[in-house]
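Only one structure is covered here, and it is reproduced in the block below.
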Amino acid sequence: MYSEKVMDHFSNPRNVGEIENADGVGTVGNPACGDIMKLSIKVEGDVITDVKFKTFGCGAAIATSSMVTELVKGKPLDEAEKISNATVAEALDGLPPVKMHCSNLAADALHAAIEDYKKKKQGG
Amino acid sequence: MDRKIYFDHNATTPIHEEVFDAMVPYFKDEWGNPSSIHWAGRGPKKAVDEAREKVAGFLNCSPIEVIFTSSGSESDNLAIKGVAFSMRSKGNHIITTKVEHPAVLNTCKYLEREGFDVTYLGVDADGMIDLDELRDSITPKTTLITVMYANNETGVVFPVAEIGEIAREHRVTFHTDAVQAAGKIPLDVKALNCDLLSISGHKIYAPKGVGALYVRRGVRVVPIIHGGHHERNRRGGTENVAGIVGLAKACEIAARDMEEETAHLRRLRDRLEEGLMKRIPHVKRNGHKDKRIPNTANLSFEFVEGESLLLNLDMLGIAASSGSACTSGSLEPSHVLVSMGLTPELSHGSVRFSLGRSNTEEEVDYLIEKMPPIVERMRSMSPLWCEVEKKGVDLSFEEKTCS
């Protein structure tokens, strides 16, 4: 039911963990749906230099989290902001239809982390 | 993947070799229609008659009280709709529970749309219903009580004989879905005080596509499949002769082997449960510890999600199932576990191991050895888990609705 790429990212997830003193943190999801993602980013001069995730969720949730970290590492913020949940699903060679909505939150977590970074920057 | 371990017998079972052998002639030489009067029909007719006797023997009823169907779901549909519609002039109230199989729950929901009133009894943290609540729910309009014998997810066994007694006191027809109980605990329709009882072939080592419904003499069911005179005008359709023969053989074997089988399953199940709970912290058993069928263990692994555990197990060749939404094809976690008061996280983190006749101690030990590192790895990735303190953390998050 899952593509090979999904199973690869599920079995060997990239960039798992939490960044200490992260510049931005985004947490999205809902335990009722069974998916919670927490993404932290390090930003240097408008470029995402490091990114890590922690996810409670199904195979799709973990694979999308892992994939989004690969997609944004080293990318400028404005490019990262353009990444959508659909982009992530596509990069994984698609997801089963039922997972497209409920477990495909990784880009939302990324956007939340970027927003958090911007807020902190404005505030500081 | 060399190793293949099957711990999902509540989903389906492999066909027993003796069952397969008994069925073969009805795919080959005895292919006739049991309704035909000529030579081709006589063999199949005899086979169906004998099968009906065997199933009746298994259930302790008369052969004319057995209706062959295509599945446990059809048996449930025929029982519930059949009684509801035949009794409609007397009343329109049905009592069931919140933890029934979808074949019962969705049939009741359909009847609600058709103008029936349905009371869904809740369960406590152990998954048990309250018989006083059942008594209080009965009204002069109640025509049917339908309560499962054993729960497919947790294995919890309801006090069906007592429920049947209450139903009789109030002159209410009583149906029990015994699909998961069959072959695991004795089924005697007289001892159980039931008027209707459903079983399914593929849960007891017979093939898919065959089931049976016991209907006590004197209880009228309106057919849901109209057709010829088959099954005494209660279920149209040429008999699935091979399937029926297989079901009967499976019943015969279940009765023959039950005592030994039950002891074997209970020993393995307890070993599995104790082994995992001892080696993995923060594991919760779902369902009453003692009032359970002997083969089922339903465990919640806190702070991790069930489907991701199943995928990891599957990579090792171990088959199990989960109450997680992700494995149900819906977006909601198990209605059974939620009814028992489990938080959504615990429901999502549930895994059901259901054992069967071919499982061995060595297979159970393999699981007990392989499972702890899987849970540990998934927890290390979970934002709900604190690695340092080895416990859960409170996480505030932005909510996003499921639907």
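Per-structure values
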| item | result |
| --- | --- |
| Residue A:84 accessible area, assembled protein chains, probe 1.4 Å, Å² | 50 Å² |
| Karplus 3J(HN,Hα) series, Hz, for region B:115-131 with 6.51 cos²θ - 1.76 cosθ + 1.60 (x for Gly, Pro) | x, 8, 9, 10, 9, 9, 6, x, 10, 8, 4, 8, x, 9, 8, 9, 5 |
| Rg(Cα) / (2.2 N^0.38 Å) computed for chain B, rounded to two decimals | 1.03 |
| Considering only region B:94-246, percent of DSSP beta bridges that pair antiparallel, nearest 5 | 35 percent |
| Residues with amide H under 5 Å from that of residue A:48, placed H, sequence gap 5 or more | A:74, A:75, A:77 |
| Apportionment of accessible area to carbon and sulfur, the protein assembly as shown, percent (1.4 Å) | 50 percent |
| Centroid-to-centroid separation of region A:1-71 and region B:238-281 [C-alpha atoms, Å] | 42 Å |
| Region B:107-181 - convex hull of alpha carbons, volume per residue in Å³ | 95 Å³ |
| Loss of accessible area when B meets A, both sides summed, Å² nearest 100, probe 1.4 Å | 2700 Å² |
| DSSP beta bridges in the protein assembly as shown [antiparallel fraction, %, rounded to 5] | 70 percent |
| Residue mean of other protein chain beta carbons inside 10 Å, A:54-66 | 6 |
| 1.4 Å probe accessible area per residue over region B:93-201, in Å² | 34 Å² |
| Mean projection area, nm², convex hull over Cα of region B:203-334 | 12.2 nm² |
| Integer Hz, Karplus 6.51/-1.76/1.60 couplings in order for region B:34-51, x for Gly and Pro | x, 7, 6, 8, 7, 3, 5, x, 5, x, x, 4, 4, 5, 5, 4, 5, 4 |
| Other protein chain Cβ atoms within 10 Å, averaged over every residue that makes up A:4-10 | 1 |
| Where N is the number of residues in region B:1-116, Cα Rg divided by 2.2 N^0.38 Å | 1.44 |
| Rounded to 10°, Cα long-axis angle of helix B:72-86 versus longest principal axis of chain B | 60 degrees |
| For chain B: relative contact order, % (alpha-carbon pairs under 8 angstrom, 6 or more apart) | 21 percent |
| For chain A, fraction of C-alpha pairs farther apart than 22 Å, in % | 27 percent |
| nm² value of the averaged projected area, convex hull over the Cα atoms of the protein assembly as shown | 27.3 nm² |
| Average beta carbon contacts from partner chains per residue of A:30-43, 10 Å cutoff | 6 |
| Computed E for residue B:112/residue B:133 - FRET, C-beta separation, R0 22 angstrom, nearest 0.05 | 0.65 |
| Alpha carbon centroid spacing (whole Å) that separates region B:79-97 from region B:141-158 | 16 Å |
| DSSP bridge orientation in chain B - percent antiparallel, rounded to nearest 5 | 60 percent |
| Alpha-carbon spread of region B:17-254, three principal axes, descending order, Å | 56, 37, 27 |
| Region B:100-241, relative contact order in percent, only Cα pairs under 8 angstrom and at least six apart counted | 14 percent |
| Protection proxy ranking, peptides B:99-107, B:205-213, average beta carbon neighbours within 10 Å, highest first | B:205-213, B:99-107 |
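The values are calculated or read from the model by the stated rules, or taken from the named source; none is laboratory data. Values in this document were obtained by computation on a predicted structure and should not be read as measured data. Cβ coordinates were reconstructed from backbone atoms using ideal geometry, including for glycine residues, and neighbour counts include every protein chain displayed. In case anyone asks, the SASA skips ligands and DNA or RNA and just uses the protein heavy atoms, side chains included. Shrake-Rupley method; radii C 1.70, N 1.55, O 1.52, S 1.80 Å.
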